[in-house]
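For reference, the structure is listed below as structure tokens.
The values are calculated or read from the model by the stated rules, or taken from the named source; none is laboratory data. This one's a predicted model, so the numbers in the text were calculated from it and none came from an experiment. Cβ placement follows ideal geometry from the backbone for every residue including glycine, while neighbour counts extend to all protein chains displayed.
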Ligand SMILES: O=c1ccn([C@H]2C[C@H](O)[C@@H](COP(=O)(O)OP(=O)(O)OP(=O)(O)O)O2)c(=O)[nH]1
């Protein structure tokens, strides 16, 4: 369908500031030039949507009889993430977004981890979103699952040619909604920039979490990392035949033509592998028994979100990601229960300056005017500046950040009313001249959890 598209080039039609800057003639530091590639926005939003589908649930939300799968959803406005949602026991992710954002969904772009069902789609279209993108795997109303048996989850791959009437009717309705609606409904799937998989793999192995979690397993291959996260298999349709059948039912038969089909499956697998590398190198925290914040699995889930955001950094050398969640007074309407997103970000040059020629060098550059520190907005600063909700004094508000907050950020975090910080020991208590990390340790009245050991200090 012409509304559906697969982009063949990462960041096609968009600038790639990090790479442009790295190639510029002002680069003199070999470490800067050697920095890895970055995630495109589309890839970042796609990965966050897949990861949201796996948000830890109190009880499994999937209902074999209803055939409806849980889903993840990222709501984006002006290129900023304004909502992270997942399906819960009562509401689908799309419905939850309508309830939480209402008419503010107008002109937003939505990234779903599956093609949403007609029930969600009609409400989202009605809210006036500008674009709906979905992962081209098994849709929300599953086409892999047999209807009339009580087969377990593990059998749902193995039934080709068994698409239920419910799934077929849903596919027809979604197609009708799609062809009669204003928003652009598409598959936005970009290939990873070359070298990104390897970069994520290497940095995951080197990161604090992996070193401490699995000292003896530093040689794990991507495949092995992948096999440690079996839940990620849910995003890949097991056989080519089943996948083609599903795409055809979704009126995406043009995706079944070679070489596009093989490219599609390959791109999907590579993206899931990135998620596998990041997720499998982040162990569950060992939070102390008296801990009043989040459960271990939710804390881990959020730090993985921050780690994904870090791969979108503008800094040619150090990526930092931050995400802020708050706990409301009453149970929320989606699978995140009482938790709602406040904001998220990564370290980058000021918004809108992708073509600007800002200094990028670190402390090793003797000419201080060419150092980056006075120009880069820190991950926490972006998360706070572009927050989608106000921080309410009564609601515990949790910052997850992949690097120890520096002295520039600590007063902002305190001033904003953050009550819990989950971070790492990286550079803590160091004074590096242009940037120092001395204030964090003496920060009072905020609960601090250090990821390297995942204890409170
Ligand atoms: O709380 C913080 C602290 C730092 N940063 C970002 C800002 C800058 O983009 C980068 C600086 O990283 P670092 O302190 O590691 O300095 P470096 O000179 O780039 O690296 P290093 O001194 O570790 O070699 O991290 C944040 O986003 N949040």
Which of the residues spanning the stretch 334-352 are in contact (Cβ under 8 Å) with a residue 60 or more places away in the chain and over 30 Å from residue 70 (Cβ atoms)?
349
Complete set of residues in the stretch 396-425 that are assigned to a loop (DSSP other than H, G, I, E, B) and within 22 Å of the chain's Cα centre (by Cα):
402, 403, 404, 405, 418, 424
Filter result for residue 412 (surrounded by fewer than 18 Cβ atoms within 10 Å (Cβ to Cβ), within 25 Å of residue 301 (Cβ to Cβ) and within 12 Å of the ligand (Cβ to nearest atom)):
yes
All conditions in (1) near the ligand (Cβ under 8 Å from one of its atoms); (2) assigned to a loop (DSSP other than H, G, I, E, B); (3) surrounded by 20 or more Cβ atoms within 10 Å (Cβ to Cβ) are true of residue 380 except (2)
Quick check on my filter: what residues within the stretch 395-409 are within 13 Å of the ligand (Cβ to nearest atom) and surrounded by fewer than 21 Cβ atoms within 10 Å (Cβ to Cβ)?
407, 408
Test for residue 192: is it in contact with a strand residue (DSSP E or B) (Cβ under 8 Å, 6 or more places away or on another chain) and buried (at least 17 other Cβ atoms within 10 Å of the Cβ):
no
Identify, by number, the condition in (1) more than 9 Å from the ligand (Cβ to nearest atom); (2) closer than 19 Å to residue 317 by Cβ that residue 387 doesn't meet.
(2)
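Condition check ((1) in a helix (DSSP H, G or I); (2) farther than 27 Å from residue 396 by Cβ; (3) outside the structural domain of residue 397 (by the TED database); (4) modelled with pLDDT of 90 or more) across all residues:
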site: 269; (1), (2), (3), (4): yes, yes, yes, yes
site: 279; (1), (2), (3), (4): yes, no, yes, yes
site: 286; (1), (2), (3), (4): no, no, yes, no
site: 301; (1), (2), (3), (4): yes, no, no, yes
site: 307; (1), (2), (3), (4): yes, no, no, yes
site: 315; (1), (2), (3), (4): no, yes, no, yes
Output for the stretch 327-374, where each listed residue is assigned to a strand (DSSP E or B) and within 16 Å of the ligand (Cβ to nearest atom):
343, 344, 345, 346, 348, 361, 371
Name the pairs whose Cβ atoms lie under 7 Å apart, with the first residue in the stretch 365-376 and in contact (Cβ under 8 Å) with a residue 60 or more places away in the chain, the second away from the ligand (no atom under 11 Å from the Cβ) and assigned to a strand (DSSP E or B), and 6 or more positions between them or separate chains?
none
Any residue in the stretch 410-435 that is touching a residue at least 60 places away in the same chain (Cβ under 8 Å) sitting within a Cβ distance under 9 Å of a residue that is in a strand (DSSP E or B) and within 11 Å of the ligand (Cβ to nearest atom)? List the pairs, counting only those 6 or more apart or interchain.
418/399; 420/399; 422/399; 422/401; 424/401; 434/371
Among residues of the stretch 296-308, those that are in contact with a strand residue (DSSP E or B) (Cβ under 6 Å, 6 or more places away or on another chain) and under 15 Å from residue 72 (Cβ atoms), counted
2
